[in-house]
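What follows is a short report on a single structure.
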Amino acid sequence: MTHEAELRQRLAIGLARRYTMRVRAEGAEFIIEGIEEPRRLPDCQHGVRYPGFVASGQAPGAAVDAAARCVIARVQVELKAIEQAGLAAYFLLVADSVRYGRSIGAVGLAIGSSPGSLVNYLLEISTVDPIPHGLLFERFWHPQITNLPSIWLEFADDRRDSVIQHAWKKCCSNPVAQIVTDFNSDLADDLPTLGLIGLKALTVLRRTCERVRQTKGVEVPIDQMPLDDGKTYDLLKSGETGGIFQLESDGMRDLCRKFQPANIAHIGALVTVHRAAPFWPGPAGFVPDFIACRRGWMSMKYVHRSLEPVLRETYGVLIYQEQVMQAAHILAGYSLGGADLLRRAMAKAKTEELAQHRKNFVKGAQERNRIPATKANQLFDWLEHLSGYAFNKSHAIAYAMAAYQTAYLKANHSAEFLWAITQSDGDAELREN
């Protein structure tokens, strides 16, 4: 079996595991044979509809049919790019490394831009469904850029070395990726990258789950836990977030109390806002208005009415790189790959490229939305200005998921959670001595 055929078979399995879709991989097609639990399909209403998506009209079951088509269209777009670049073996290697990590309790967390890929989610490389969160494959990788993709994975710090050894053995027998164990930037260009990092928070997660199993006889479904647990959000809203990944600083505790997070998107926004606030332009920053809009004390304002679907979840404030890309797509008709090139040019302040992009943007905005040139130039300036402060949404949502998991354990199994933190702190002291 070729790597491409194996990848398609693995994705068919992933569609069943993630969405209960019974799918047959037949050549280059995925044939849907049934859906066991339609409620597990992602909400595509506010996500990005990739080329190939076709709405199914108003017949009974239309929403289910539309969601299924949305998933398959997204898979096909990503697969086309992956297969044309000869990267099927790379994704299979990464998936194998994550499976091995889970088998020894290392608990893998995909970070950076890789959660933007649905293929990564179906292969269980990532724990984040990119569709309902509006994450973009093109933020992760696309054929219009010269460098090959990089997937960075964080594992429990006490078992990371075992994962590294396993991945090295796989690469030695079939060199399809370069393995990186710190942030060394001296990388070759002819192979994609697999980065493996240790993270204490994942050790705490595993040890808490093990302790719960020992003391209560209960299995905690760490990768399938409910994302609407009331006790967890009550804890976050109280600001009692000591020991919770990404949320334990005094500034984050205060932000949690004021903002009152109620879903994963809120947590991701808080992680981003807390990081960006010190650098944001303007004398007063944007955090007070951000909180006021969230609490309903102030009406949301949009720089252009067509951007409401993109900016609504962040209360009218552009804080994500993916929002820069979607804004260029909506306002001026950029492809998502082209929008990523625009984002990159803005981030690196490439003068010549930006001059050409400005012309394309103004022309596209006039043709697509009848936006006058003066207003289009203002919108381009707005995007260029904020792109330097925007954060990677895929990374923010991945960390938000890990933060939620940590908070869930503290809220529902506090004694076991505190025991695990004590154990991990003891390990750190031993290493330092």
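The values are calculated or read from the model by the stated rules, or taken from the named source; none is laboratory data. All values reported here derive from a predicted model rather than from experimental measurement. Cβ: placed from backbone, ideal geometry, glycine included. Neighbour counts: every protein chain shown.
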Margin query: Exactly one of these conditions fails for residue 132: (1) within 22 Å of residue 319 (Cα to Cα); (2) surrounded by 24 or more Cβ atoms within 10 Å (Cβ to Cβ). Give me its number.
Written below: (2)
Check: Given the structure, is residue 201 farther than 30 Å from residue 411 by Cβ, hydrophobic (A, V, I, L, M, F, W, C), touching a helix residue (DSSP H, G or I) at 6+ places or on another chain (Cβ under 9 Å) and assigned to a helix (DSSP H, G or I)?
Finding: no
Margin query: Given the condition basic (Lys, Arg), over 14 Å from residue 387 (Cβ atoms) and out of contact with any His (no Cβ under 8 Å at 6 or more places or on another chain), answer yes or no: does some residue in region 343-350 qualify?
Written below: no
Next item on the list: Would you tally the residues in region 130-160 being acidic (Asp, Glu) and at pLDDT below 95?
Entry: 2
Note to self: When you check residue 113 against the structure, is it among the hydroxyl-bearing types (Ser, Thr, Tyr), in contact (Cβ under 8 Å) with a residue 12 or more places away in the chain and crowded, with 24+ Cβ neighbours inside 10 Å, yes or no?
What the structure shows: yes
Check: Mind checking which pairs have a first residue in region 174-189 that is within 21 Å of residue 161 (Cβ to Cβ) and a second that is at pLDDT below 85 and surrounded by 11 or more Cβ atoms within 10 Å (Cβ to Cβ), Cβ under 9 Å, 6 or more apart or different chains?
Finding: 178/187; 180/187
Next item on the list: Determine if region 256-268 includes at least one residue that is buried (at least 19 other Cβ atoms within 10 Å of the Cβ) and under 27 Å from residue 341 (Cα atoms).
Entry: yes
Margin query: Pull out all pairs, ordered by first then second residue, where Cβ-Cβ is under 8 Å, the residues are six or more apart or on different chains, the first lies in region 84-106 and is at positive phi, and the second is part of a helix (DSSP H, G or I).
Written below: 105/206; 105/210
Next item on the list: Can you confirm whether region 369-389 contains a residue that is modelled with pLDDT under 95, among the aromatic types (Phe, Trp, Tyr) and under 23 Å from residue 271 (Cβ atoms)?
Entry: yes
Checklist line | Of all residues in region 35-62 being crowded, with 16+ Cβ neighbours inside 10 Å and more than 13 Å from residue 15 (Cβ to Cβ), the one that is modelled with the lowest pLDDT | finding: 53
